[in-house]
Amino acid sequence: MGQGGFSEGVTHVPQYEPVLLANVGKPESHTLAAYQASGGYTTLRRVLREMAPAAVLNEVRRSNLRGRGGAGFPTGLKWSFLPADHPGPIYLCVNADESEPGTFSNRVLLEHDPHQVLEGTILSAYATRARVAYIYLRYEYPLAMERVQRAIDECYAAGLLGQNILGTPFSLDVYIHRGAGAYICGEETGLIESIEGRRAWPRIKPPFPAVEGLFRKPTVVNNVETLACVVHILQRGADWFRSIGVPPAPGDLGDPGSFGPKLYCLSGHINRPGCYEGPLGLTVRQVIEEFGGGVRHGRKVKAVVPGGLSTGVLGPDQLDTPLDFNGPVRAGCLGLGTAGVIVLDETYPIVEFLYNSCRFFAHESCGQCTPCREGTRWALDMVRRIRAGRGRLRDLDLLAEIGNSIGIIPGTTICGLADGAAWPIKTVLTHFRDELEAYIRSTNPTGYAVSEPVPALDGPDGGPATPEAAGRKAAVCAQTDVLRAEMTSAALASPAKEAQASHPSTAVAQNGPAPPASSGLAASPAPGRETSGG
Amino acid sequence: MPIAYIDGQPLEFRSDERLNGIEAARRLGIEIPHYCWHPGLSVVGSCRMCLVETGMRDPQTGKVAMLPKLVPACNTPVRDGTVIITQSEKVARARAMVEEDLLLRHPIDCPICDKAGECLLQDFHFRYGQKERRADLRPFTSRRRDLGDHITLFVDRCILCSRCVRFVREVAGTSELLLVNRGTHQEIAVLPEFPLNNKLSGNVVDLCPVGALGDKRFLYQQRVWYLKPHPGICTRCATGCSTWIEENQDRVYRIRPRENLAVNRWWICNDGRYDYPHLHDPRRLVQALRREGGSWQEVNSGGLVGELGERFRHCGRIGVALSPFLAVEEAYLLAQWARGLDPEALLVLGPVPVVGQDERFPGGFVISAEKCPNRRGVEEVIAHSMHRVPAFEEAVQAAEQGQLGGVWVSGGYRHEWIDAGTAERLARAPLVVVHDLFPSPLSERATFVLPGAAFAERDGTYVNRNDHLQSVRWAIRPPAGVLIEGRLFWELLGRPGLYQAEAVLRELAGQIAYFRPVGQRPIPETGFNLKVYLLAEAGQGCQQV
């Protein structure tokens, strides 16, 4: 899905020349030869020859580059937290564990232009004085794995990695560490724990990774796209970088602005899903119309996720929200996130979106902090019950309470996963509470007003949780019955042939009751799920 | 001195102290509830029960700048000017939320849970929890699986605080426990073929804040609210761990570690933890016996003291084996008595059982190879009279060669401690008294067999391998017929009134230099190190010279 968009004629916003995706789509773009043919590694050669690490850091700091992984922390500032005279080693971790639903920009870069990322990695390691870099690569990206490893091998062969890079005293080794499919490994300290070979339980901070990170040494963790930006900042200068995007909000001294190019990932009910490049600060409407070619079947937008599932949703009246680091926040979302835009059209039931979101975060919660582990699960249980037609209006209040109480912003968890789980719940309730209430009233006309605790959906009286589970359970019951019947008949000394005749599988096919009809809704997968696999 | 403010109360602390919010609040008597934090384990900050509001007080202006979000007190270092608020609406809501969350999938099977009554989840629910259940009702679940020989896991009760996992990694160093799966599917588990059988495994039951980890020996034996805890000292080895001896109607059901940072910190080994069944062993000696010809005659305790005194007064040279299981006071009184009858009495140290090597654990815990509690104390008592510490073998040889007219052997051993050959040699003496817990080859050959009291039944003072002295009182009454050591020796000496270990300790502190520090200060619950004070005294002496 990610590749489709850019290869079939990209509609760029006018007056914007792609930088990060410049090589993508060219033949053999993932090879060293192709990268060098379009000027690759000239920046590295120049920087290693002409600039001191401190000057590189300064240039990046001056560019106001903010991390592209989701939180938008200023990269130069992050690097400057490293202790100045540490004897080493200092580590650089490249966060390529792109798991945010609706996000696949890192995948495009890693699969089609891995050398751009590697050049950024080498430059960043030079600036941070790191001598070892780990690329933490998401398990589900086998092609990226192959191409990045090949790019690393090419670099070693060409003297761009290893001892004394390009004849300078600077040395760097790069290793790929492949994840095992957990969302939490994208959290920087979870990633560090995972590289160390442990369970990816995010660490309690302080100490921050810049002081005590990988193997208890100073560590910088940067996103793939961030490192790709570093190449262009050093190639064209910080001033060029600051000429793109949105300047800081006037009067807000703490705002470093939203400068530079950005990869927007479009998915959901849209005509041309894909990964597109534009300056930071395009509006949601621009992105949908100009990049995505509008909503599919000419329908209206119902809701838009601005930056990956965890940022929450925007309502249909908020399509002019600019996608910079402040825009979604002002519109009531968690933030810009990864700029993974997911579009839901007007036909899509919001309860399905909520269910899919809750299921994702309950599944991915690492289980360390009580409020996240239990809160995400509680929310999922309630939404599942609502979806199955046994919701209560009170559940919406409880969902709102969970949404408002878990996460690092209220301070109740160690990492931001719970915030990511909370924001979709909160924003859906803000924009679509009427729809949910109507759904509950119509599907549970006798019980919607109950405020006493009710049996859980998977309780003894509640029946199975989903139609599929109901089918499974019915099949198991049928099978058990058959086996029981078989044993009884065998006990009654019936001939062996008869026992063979009632083979469980045939019997199930004959006797197994059809799964009960679903609750009136087509169980179509929500976009979050479609895109989470990239 | 730096000052922190907790709920408005100032707390002064030394600048070299490293306190977290929980420890600092505790000093002011303010409870910050917590599950995952334990002073002996690393900080993970994951249960989120200890959330508080914090800020810094500007020393110049006195203004307090508060952080907007809640932080876990366990990971909040207390510095000069730190402000902690535990009594706000926000904190109360956070605590209620965590309590509610933890009870969402908890079976709430308190009526059949061993932990009920001392369960943090239960206690905190009543103190900080929600008034009503708002979550869906769930069926009761109770999955149980054994983790090792002593430990069983009630899977559904676990609140995933990871204390046990950290304990086996950081203190025991054996790492048997791990967490499997993710999110709410997470469970404590052991790998196949690697059960939780390390020698410190019992501690995970004490660490568990809920009833998830159960001790199979204690399981369903007794409700905890019937148990009366008494401070005790483990007599299993020369480490001398501080313990709680928990009994109901003179029956010990459980032994648990008592915090003592100088000795055992928060832990005890399984040997000490399961050291109570012998107290109630039916094979114990409970009747004083006298050999008459080939048969045993019961002696009633009324005439016994007089008879023993009479026999020893006229027997000739006396040999006394002071067992390393005796308390200091008991050894002292027995030595006094023997020396009073015979100034040349031979005092020897009873056999010192040694098994294997000291076992050291990464967390600093040591199980001593020397399996007796008070070798150091008894040695000093003997050395006071003899100016040396003769070994047990010396008394055996003397008895064999007919040099001893009467021998008194004190025991207290749980296991076989003397072989038939040695017993035979020792029994050459015409008068042999054995004061012990269990029958032994020596008691079969003795003139008098006296039933002794076990460790939980006696008052007394013990000195461990590192000269750390601790005093305890009895926890249970011994079986009827037992002659409690201290009391018997007191009566043998013909002293007036009742035996009081404290008074005897003060008396011997005045006579034996090694115990001098005891007479000068009260003994804290956790005891103190004699070496430290003796060295300090010696240092002062040098300075004065």
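When a/c reaches 1.5 or more, the comparison of a/b and b/c decides; with that in mind, is segment A:265-356 rounded, prolate or oblate per its Cα gyration tensor? Oblate is the answer for segment A:265-356, as a/c is 1.5 or above yet b/c matches or exceeds a/b.
Peptide B:460-471 is shielded by partner chain Cβ atoms: per residue, an average of 0 of them sit within 10 Å of its Cβ. Between B:K131 and B:A480, the modelled label-to-label distance comes to 5.5 nm, taking each label 7 Å out from Cα in the direction of the beta carbon. For the protein assembly as shown, the 222 nm mean residue ellipticity estimated from helices alone, with every DSSP H stretch of n ≥ 4 adding -39500 (n - 2.57) and the total spread over all residues, rounds to -10000 deg cm²/dmol. Once both labels are positioned 7 Å from their Cα atoms along Cα-to-Cβ, the gap between B:R521 and A:N271 label points is 8.7 nm. Taking label positions 7 Å along the Cα-Cβ direction at both B:Q287 and A:V329, the computed distance is 8.7 nm, reported to one decimal. Computed from the Cβ-Cβ distance with R0 of 25 Å, the FRET efficiency linking B:Q222 to B:V355 stands at 0.25. In terms of packing, defined here as the mean over residues of other Cβ atoms within 10 angstrom, the peptides A:168-175, B:377-384, B:439-446 line up highest first as B:377-384, B:439-446, A:168-175.
With the contact rule set at Cα under 8 Å and sequence spacing of 6 or more, what percent relative contact order holds for segment B:107-202?
Details: 95 pairs, mean separation 21.5, N = 96.
The normalised contact order for segment B:107-202 reaches 22 percent.
Beyond 20 Å in Cα-Cα separation lie the following of the pairs A:K78/A:K217; A:K205/B:K69; B:K90/B:K131; A:K217/A:K262; B:K90/B:K115; B:K69/B:K90: A:K217/A:K262; B:K90/B:K115. Charged neighbours of B:Y332, selected by a Cβ distance under 10 Å, balance to -4 (K, R count +1; D, E count -1).
Across peptide B:124-136, the average count of Cβ atoms from other chains found within 10 Å of a residue's Cβ is 3. May I ask you to derive the FRET efficiency for B:D7 and A:D317 from their Cβ-Cβ distance with R0 = 41 Å, giving the value to the nearest 0.05? Here the calculated transfer efficiency is 0.35. Each Lys or Arg adds one and each Asp or Glu takes one away; over the other residues whose Cβ falls under 10 Å from the Cβ of A:G76, this sums to +3. Oblate is the label for segment A:327-392, because a/c, from the alpha-carbon gyration tensor with a ≥ b ≥ c as root eigenvalues, is 1.5 or above and a/b does not exceed b/c. Relative contact order, whole percent, for segment A:217-322 stands at 17, derived from Cα pairs under 8 Å and 6 or more residues apart.
The C-alpha atoms of chain B define a longest principal axis, and helix B:530-544 lies at about 80 degrees to it.
Grab the beta carbon distance between A:D434 and A:N404, set R0 = 25 Å, and tell me the FRET efficiency rounded to 0.05.
E(calc), rounded to 0.05, equals 0.80.
Just want to confirm a number: the relative contact order over chain B, from Cα pairs under 8 angstrom separated by 6+ residues, in percent.
Numbers: 1071 pairs, mean separation 57.3, N = 545.
Contact order relative to length: 11 percent.
How much net charge surrounds A:L92 when only other residues with a Cβ under 10 Å from its Cβ are counted (Lys, Arg +1; Asp, Glu -1)? Taking every Cβ under 10 Å from that of A:L92, the sum is +2. Look at the stretch B:35-47: the mean tally of other chain Cβ atoms within 10 Å of its residues' Cβ atoms is 3. Judged by the gyration tensor of its Cα atoms, with axes a ≥ b ≥ c, segment A:142-248 is oblate; a/c meets the 1.5 cut and b/c is at least as large as a/b.
Any read-out appearing in this document is the output of simple, stated calculations on the displayed coordinates, not a laboratory observation. Just so it is clear, the structure is predicted and the values come from calculations on it, not from any experiment. A quick note on method: Cβ atoms are made from the backbone with ideal geometry, for glycine too, and the neighbour counts reach across all protein chains shown.
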